[in-house]
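So the structure is just underneath, and the comments pick up after that.
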Amino acid sequence: RLFWNEVRPFDWPCKNNRRCREFLWSKLEPIKVDTSRLEHLFESKSKELSVSKKTAADGKRQEIIVLDSKRSNAINIGLTVLPPPRTIKIAILNFDEYALNKEGIEKILTMIPTDEEKQKIQEAQLANPEIPLGSAEQFLLTLSSISELSARLHLWAFKMDYETTEKEVAEPLLDLKEGIDQLENNKTLGFILSTLLAIGNFLNGTNAKAFELSYLEKVPEVKDTVHKQSLLHHVCTMVVENFPDSSDLYSEIGAITRSAKVDFDQLQDNLCQMERRCKASWDHLKAIAKHEMKPVLKQRMSEFLKDCAERIIILKIVHRRIINRFHSFLLFMGHPPYAIREVNINKFCRIISEFALEYRTTRERVLQQKQKRANHRERNKTRGKMITDSGKFSGSSPAPPSQPQGLSYAEDAAEHENMKAVLKTSSPSVEDATPALGVRTRSRASRGSTSSWTMGTDDSPNVTDDAADEIMDRIVKSATQVPSQRVVPRERKRSRANRKSLRRTLKSGLTPEEARALGLVGTSELQL
């Protein structure tokens, strides 16, 4: 064949034009050609070249290969995921969904043999009846034996696709309807729009009643000139302060967020395609019914197509009403009537959803800053104060001890005087020892350090044995006091940073300042 584009100048309506009165083709004379020679020269060799004998690897079996390698490989690869050819034929005739699934039907639709391939395979089989066909050729020959193969496969594919396709159309329409109701009844959106309208009227010096919602897309981009905060931040701050019961908006418009991901133009095309496929399926069923078909199967498919037609009609009505509902919602939101049909549903929902997401993020940031400022103010109230001066502890007073603790005041005073007397009667170095330090050493002695005191006392040559024994007796007596006999709480222990041991005190004595502070002797009596 010569693949040219045919022209028909004799049919052109230009007889009045001077240039078109005579055509080149009208002046040409017919020429006789040798058809037999041309047929010999330009005969298609595909039939002879495509028929080949393929010897198997073992050298015993041969196969007839008619198809080209690309087509044969594609069919052989497809056969690896399909049931055996005989099972496929029975499944197609009976519409057996258990033997063949949706993917298998779609795969077979790409393998339907053409009339030319069918003719080639049959001729090759007649020419070489003793040689078996290749696997791809045998599969195509099996498929070609099924009456109305294409009609059966398309009808079956529509039956298996219908439920999924219907869901892909119905669910977005339901989401759109639900989203419209969510926006109409959302209080937070009203708070945001009213706040934004008030800010815009002040900045513009106007008294506008409304604005197009498409401006919400630009709100996060507008910033103030002082802190460089976005207009959305200031709107969110005002809404949080003036309307504490407002929400984050995004969590309340989930249907709008889902609708923002749907192409409603494509959805309308899918609905129209469902209607076309349903009508074509009726034609396929009529064509199949002319051949052998079980009455039960025919009745089942007829009922299915009738139900599909009714549901598609209902879907079209629902689609029209929901789109009209959306247009009414746009009028409700202030869109001009002449522009509502030009509004893209997907874009409108996307603007609302993205703004709501930005608002939620900004609102969380504003609430965090508000909480930080509240915590900072609370810390400033108690800065520089003791914990007992704070509100939590200021009103409380320590409970009186349930049991008496420590030595009585009289006993403690008598103990102090006796220790002073002992220290004064000892050597001059011992006179400088303080009863206060002696009192403090009672706690150290109570921790099991009596031996160290004894060693320190024995090492001092200026201290008599009797004085040391008397000091140790009083220390042991004080350490072995029963805690339950103490009635007055003991004073808090002082820091041990400047503490001195009794042994070093008895050796080196007290400084004048320490003796004067303890009131042991007068300033004039102190001798170093």
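The values are calculated or read from the model by the stated rules, or taken from the named source; none is laboratory data. Computed from a prediction, not measured in an experiment: that's the story for all the values here. Cβ atoms come from the backbone with ideal geometry, glycine included; neighbour counts cover every protein chain shown. Ligands, DNA and RNA are excluded from the accessible area calculation, which covers all protein heavy atoms including side chains. Shrake-Rupley method; radii C 1.70, N 1.55, O 1.52, S 1.80 Å.
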- [ ] Look at LEU231 and say whether it is under 26 Å from GLU342 (Cα atoms) and open to solvent by less than 30 Å² (accessible area, probe 1.4 Å).
- [x] no
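If we keep just the residues of segment 216-225 that are open to solvent by less than 100 Å² (accessible area, probe 1.4 Å) and outside any helix (DSSP H, G or I), which is nearest to LEU197 (Cα to Cα)?
Our first condition is that a residue be open to solvent by less than 100 Å² (accessible area, probe 1.4 Å); within segment 216-225, this holds for 216-217, 219-220, 222, 224.
Among the residues that remain, those that are also outside any helix (DSSP H, G or I) are: 222, 224.
Working: VAL222: 14, ASP224: 17 Å.
Within segment 216-225, the match that is nearest to LEU197 (Cα to Cα) is VAL222.
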TODO: Filter segment 300-335 for residues that are within 19 Å of LEU189 (Cβ to Cβ) and open to solvent by 40 Å² or more (accessible area, probe 1.4 Å) and give the result.
DONE: ARG325, SER328, LEU331, PHE332, GLY334
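Residue-wise test of (1) modelled with pLDDT under 85; (2) open to solvent by less than 30 Å² (accessible area, probe 1.4 Å).
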| position | (1), (2) |
| --- | --- |
| GLU106 | no, no |
| GLU117 | no, no |
| GLU123 | no, no |
| GLU130 | yes, no |
| ALA151 | no, yes |
| ASN186 | no, yes |
Open item on the list: Could you check segment 362-375 and list, in sequence order, the residues that are of a type outside the set (Lys, Arg) and within 14 Å of GLN229 (Cβ to Cβ)?
Closed with: THR362, VAL366, GLN369
Open item on the list: Is it the case, given these coordinates, that LYS261 is of a type in the set (Lys, Arg), within 27 Å of the chain's Cα centre (by Cα) and exposed (fewer than 15 other Cβ atoms within 10 Å of the Cβ)?
Closed with: yes
Open item on the list: Which of the helices (runs of 4 or more DSSP H) found entirely inside segment 336-449 contain at least 2 residues meeting this: modelled with pLDDT of 75 or more, surrounded by 15 or more Cβ atoms within 10 Å (Cβ to Cβ) and not charged (D, E, K, R)?
Closed with: 345-381
Task: Evaluation of GLU163 against (1) in contact (Cβ under 8 Å) with a residue 40 or more places away in the chain; (2) open to solvent by 70 Å² or more (accessible area, probe 1.4 Å) (one fails), failing number - done: (1)
